[in-house]
Amino acid sequence: MKILAIESSCDETAAAVVQDGTQILSNVIYTQIALHQQYGGVVPEIASRKHIENISAVIDRAVSESKTTLADMDAIAVTYGPGLVGALLVGVSTAKALAFALEKPLVPVHHIKGHICANYLENPDFKPPFLCLVASGGHSHIVLVKDYTDYQVLARTRDDAAGEAFDKVSRVLGLGYPGGPAIQKKAKEGNPNAIHFPRVNMGEHGFDFSFSGVKTAVINYLHNAEQKNLAINPADVAASFQEAVVDVLSEHLLCCAKEQGVSRIALAGGVAANQALRERISEKARANHMKFQYPRPELCTDNAAMIGCAAYFEYQNGVRADMSLNAVASVSLI
């Protein structure tokens, strides 16, 4: 079964052809990072316009690289939410047009489900049930994956997501956008124990996240040092901030897994590409005799292959959409 998948929830215009759920025939991504860097973050209106300019070419390339044709597709899949509503609308409208013209089934996909399913693309033998930490610019979730289409959210962020905190701290340090790679690169030059930034604990059995406090602590540290004319080591600040975030993400995931009696854990989302986070969870997983799975970096960021994978399982479960499908900026995973 071949699925043409489209992803346009933020600033990546992506299309992919996925066969039988886990075989990537093509995975094309047009990124707008260079365009948004001058603004220090994604400008929704600009992102939407760029999606309109590029989506046809991206789809054409994805089909061409897969050595198939549009007529060969068994279904059209698209991210319908959550995300930037203008950006989502471009992908949803394009997918609806293709499904209508080609007389193919239309499969709507939740963006977070796509990130989780990236683990199946990395390792088709990795199967539910497992616990997945989804950490990205807009989301910090711990999700119990009971089956391929059965999810239960056990924890979520109360304010800033991990990726959002990385972007904001990177901005105040003058490291640029996107913040995740910039912080990771700078942190390698610094001491992660140089500065103690706060770790928020939600209390006993509370696995929710809050990263606004550590973000504010970094900003206050920099302001206080500036007011007192004290020297600032950006590498130490970056390393110490990253250490605080990695501590919280890894600890909450492992503690939640223990409480749920789950011995298989996974990582997904843009922040999943962070090397320090991967290494920390790997260490904890080995110490607790847990199996740990994570996607390669190019499958952590927004891409359409993960949407095609999720769509395969949704399709098998009977999920279809008609021409009334709309983009939804904020939608719960379950």
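Details
- Count - residues of the stretch 125-151 that are out of contact with any Pro (no Cβ under 9 Å at 6 or more places or on another chain) and more than 17 Å from Pro297 (Cα to Cα): 13
- In this entry, Ile46 is excluded by the filter for residues that are closer than 17 Å to Pro124 by Cβ and either of a type in the set (Gly, Ala, Ser) or at pLDDT 95 or above (or both).
- The single residue among Ala239, Ala266 that is of a type in the set (Gly, Ala, Ser), in a helix (DSSP H, G or I) and crowded, with 16+ Cβ neighbours inside 10 Å turns out to be Ala239.
- Being under 16 Å from Leu121 (Cα atoms), assigned by TED's automatic domain parsing to the domain that holds Ser93 and among the β-branched types (Val, Ile, Thr) is a condition met by at least one residue of the stretch 8-17.
- Single residue of the stretch 213-229 satisfying the filter (surrounded by 10 or more Cβ atoms within 10 Å (Cβ to Cβ) and free of Cβ contacts under 8 Å to residues at least 12 places away in the same chain) that is nearest to Gly190 (Cα to Cα): Ala225
- Residue within the stretch 296-316 that is in contact (Cβ under 8 Å) with a residue 40 or more places away in the chain, farther than 19 Å from Ile142 by Cα and outside any helix (DSSP H, G or I) present: yes
- Residues satisfying the stated conditions in the stretch 55-71, i.e. over 23 Å from Gln32 (Cα atoms) and surrounded by 14 or more Cβ atoms within 10 Å (Cβ to Cβ): Ser66, Thr68, Leu70
- Single condition His196 does not satisfy, out of (1) surrounded by fewer than 17 Cβ atoms within 10 Å (Cβ to Cβ); (2) more than 25 Å from Ala155 (Cβ to Cβ): (2)
- Qualifying position, being assigned by TED's automatic domain parsing to the domain that holds Phe100 and either modelled with pLDDT under 95 or farther than 27 Å from Arg171 by Cβ (or both), among Ile265, Ile307: Ile307
- Where a residue in the stretch 33-44 is in contact (Cβ under 8 Å) with a residue 60 or more places away in the chain and its partner, wherever it lies, is among the acidic types (Asp, Glu), with Cβ under 9 Å and at least six apart: Ile33/Asp11; Ile33/Glu12; His36/Asp11; Gly40/Asp167; Gly41/Asp167
- Checked against the criterion of being within 23 Å of Ala162 (Cα to Cα) and outside any helix (DSSP H, G or I), the candidates Ser324, Ser282, Ser250, Ser332 yield just one match: Ser332.
- Of all residues in the stretch 202-224, those satisfying the criterion of being among the hydrophobic types (A, V, I, L, M, F, W, C), modelled with pLDDT of 95 or more and over 22 Å from the mean Cα position of the chain (by Cα) are Ala217, Val218, Ile219, Leu222.
- Scanning the stretch 181-236 for residues that are in contact with a helix residue (DSSP H, G or I) (Cβ under 8 Å, 6 or more places away or on another chain) and polar (S, T, N, Q) yields a count of 4.
- Residues that are part of a strand (DSSP E or B) and touching a Lys or Arg at 6+ places or on another chain (Cβ under 7 Å), drawn from the stretch 26-48: Val28
- Residues within the stretch 49-67 that are touching a strand residue (DSSP E or B) at 6+ places or on another chain (Cβ under 6 Å) and not in a helix (DSSP H, G or I), tallied: 1
- Breaking point among (1) surrounded by fewer than 18 Cβ atoms within 10 Å (Cβ to Cβ); (2) over 22 Å from Asp167 (Cα atoms), for Gly41: (2)
- If you go through the stretch 1-14 and keep only what is within 16 Å of the chain's Cα centre (by Cα) and in a strand (DSSP E or B), you end up with Ile6, Glu7, Glu12, Thr13, Ala14.
- Looking at the stretch 80-192, the helices (runs of 4 or more DSSP H) lying wholly inside it that each contain 1 or more residues that are surrounded by fewer than 20 Cβ atoms within 10 Å (Cβ to Cβ) and assigned by TED's automatic domain parsing to the domain that holds Gly213 sit at 162-172, 179-187.
The values are calculated or read from the model by the stated rules, or taken from the named source; none is laboratory data. None of the values given here were measured: they were computed from a predicted structure. Because the Cβ atoms are built from the backbone with ideal geometry, glycine has one as well, and the counts that use them run over all protein chains shown.
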